[in-house]
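The values are calculated or read from the model by the stated rules, or taken from the named source; none is laboratory data. Fair warning: this is a prediction, and the values are worked out from it, not measured in the lab. Virtual Cβ from ideal backbone geometry, glycine too; neighbours counted across all protein chains shown. These area figures cover heavy atoms from the full protein model, side chains too; ligands, DNA and RNA do not enter into them. Shrake-Rupley method; radii C 1.70, N 1.55, O 1.52, S 1.80 Å.
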Amino acid sequence: MPRIELLVVQPTPFCNIDCRYCYLPDRNSKAVVARKTLHNLFYQVFASGWVGDCLSVVWHAGEPMVLPIDFYRDAFRMIDRLKPAEVAVAHSFQTNGTLIDEAWCAFFASQRVGIGVSIDGPKRFHDRHRLTRAGRGTFDRTIAGIRLLRRHEVPFHVISVLSPASMAAPDEMFDFYVEEGIEQVCFNVEESEGDHVSQSFREAGIEATYYRFLSEFWRLAAAAPGKITFIREIEHAIQQIIRPSDAPFCNQLVEPFAITSMDWAGNISTFSPELLGLKNSAYENFLLGNINRDLLVDLSRRPNFTRMLSDIQAGVEMCRERCEYFSVCGGGEPVNKLAENGSFVSSETTYCRLTKMRATDLVLDALERVRPSEALRESAFCG
Ligand code: SF4
């Protein structure tokens, strides 16, 4: 039986800004998910028997904060009424941060909403890519939002998309986070997804540049305990490398329905959340059905699901056979394999070489340089 761990809900495809590397095709559409559609989703999810003790819900894939707070008050109340008493639901928003104000902070705090803010480091890096529709930088508004979160003591992390320029400046990036009181950071590298072709991936020596950046950033964080408490890439690599040998690795991205995504119209997809909204005739745009017309528990019988599953699993098997990092990766991200290699039935990508291989190398290199107990103590800052 599938187990839904993460539900990605698109309340609207609309985004109030226009980042250069955005892959979302409908970000100009102001459509909003209907209350009935949300009801059908959560009713079916809880009735499916596919949910364990805890369900994470991420409101994402458009800018969630363009909708009014009352929309979420109502939605959260409805979800609370629908959920079985024993299931804990944890909500989070992935936001560009430009619309955060006092009222949103009070709402986040009262509802314990987890917040991820997209900011690409100091203004000179951020404003190269994260622009308004008029082409102006959004840094000032995003950092104002982050400062408000801090003032209201709302816990948050940031996601920074690294460019070759910011990767060449780990000290400047580190100083920026520390000066702004940003303690939890996640690094993404601009990816090829859908029609978007990553410029970073074309850079010669990008893997060595990424390794050097992460290595120096980690060194700076270890030298200033308590400033940066979480670096996702390091933390994840450590967790996988030092896990007990009998603990299986679970890659949610290749497990059917572990990540279930719904767009504003009620269309359902699974595996990589980015697949929702991409066009692809071979897999019928990765849409398995619609929550307003179909039963969630029937979607695994759809021919396009069977095709996706079979191809994704074939790609995982190729990874298992060929890749020495398989035990810490579990077969990577289907959306990146499709974008970079043209097929789910494939293995290595630039994306995985950066985010899995080089991050793992870095932690293994550090473990080799110091005795394990010291390495673990040094990494304790990661929380
Ligand atoms: S690191 Fe890349 S090639 Fe290796 S298992 Fe992961 S996705 Fe496959």
Shape category assigned to the chain from the gyration tensor of Cα positions, a/c cut at 1.5: rounded
Sites residue 307 and residue 54 - FRET efficiency at Förster radius 41 Å, r taken between beta-carbons, to 0.05: 0.85
Note, ³J(HN,Hα) from phi for the stretch 121-131, Karplus 6.51, -1.76, 1.60, rounded to Hz, x at Gly and Pro: x, x, 3, 5, 8, 4, 6, 6, 10, 9, 10
Interchain or long-range residues, amide H under 5 Å from residue 131's placed H: 18, 19, 20
Table column - 3J(HN,Hα) (Hz), the stretch 26-34, Karplus curve with 6.51, -1.76, 1.60, x for Gly and Pro: 10, 6, 8, 7, 9, 4, 10, 4, 7
The chain - mean residue ellipticity at 222 nm from DSSP helices (-39,500 (n - 2.57) per run, n ≥ 4, rounded to 500): -11500 deg cm²/dmol
Quotient of C-alpha Rg and 2.2 N^0.38 Å, computed over the stretch 327-367: 1.24
Choice from 223, 47, 359 showing the highest fluctuation, given a GNM over the chain with Cα pairs closer than 10 Å: 223
Nonlocal amide H pairs with residue 257, under 5 Å, H built at 1.01 Å: 271
Separation in nanometres of the label points that stand 7 Å from Cα toward Cβ, at residue 34 and residue 172: 5.0
Accessible-area ranking of 227, 356, 279, 337, largest first, probe 1.4 Å: 279, 227, 356, 337
Candidate lysines for bridging to residue 30, where Cα separation is under 21 Å - those fewer than 8 sequence places away on the same chain excluded: 279
For the stretch 246-254, 3J(HN,Hα) per residue [Karplus equation, 6.51 cos²θ - 1.76 cosθ + 1.60, θ = phi - 60°, Hz, x = Gly/Pro]: 8, 8, x, 8, 10, 9, 4, 5, 10
In nm, spacing of pseudo-spin labels at residue 20 and residue 279 (7 Å Cα→C-beta vector): 2.5
Axial C-alpha extent at least 24 Å, average Kyte-Doolittle at least 1.6 - helices from the chain (DSSP): none
For residue 189, residues with placed amide H under 5 Å, excluding near neighbours: 162
Spin-label pair residue 246/residue 112, simplified geometry with 7 Å Cα→Cβ offset, distance in nm: 3.3
Residues of type lysines that residue 36 reaches as a straight line, Cα spacing below 24 Å, ignoring anything fewer than 8 places off in the same chain: 83
Stretch gain in nm, segment residue 136-residue 179, where the contour uses 0.36 nm per residue and the Cα spacing is subtracted: 13.1 nm
Reach of residue 356 by Cα under 17 Å, taken over lysines that are not fewer than 8 positions away in the same chain: 337
Peptide ranges 124-137, 255-268, 1-14 listed from the most packed, as the mean C-beta count within 10 angstrom indicates: 255-268, 1-14, 124-137
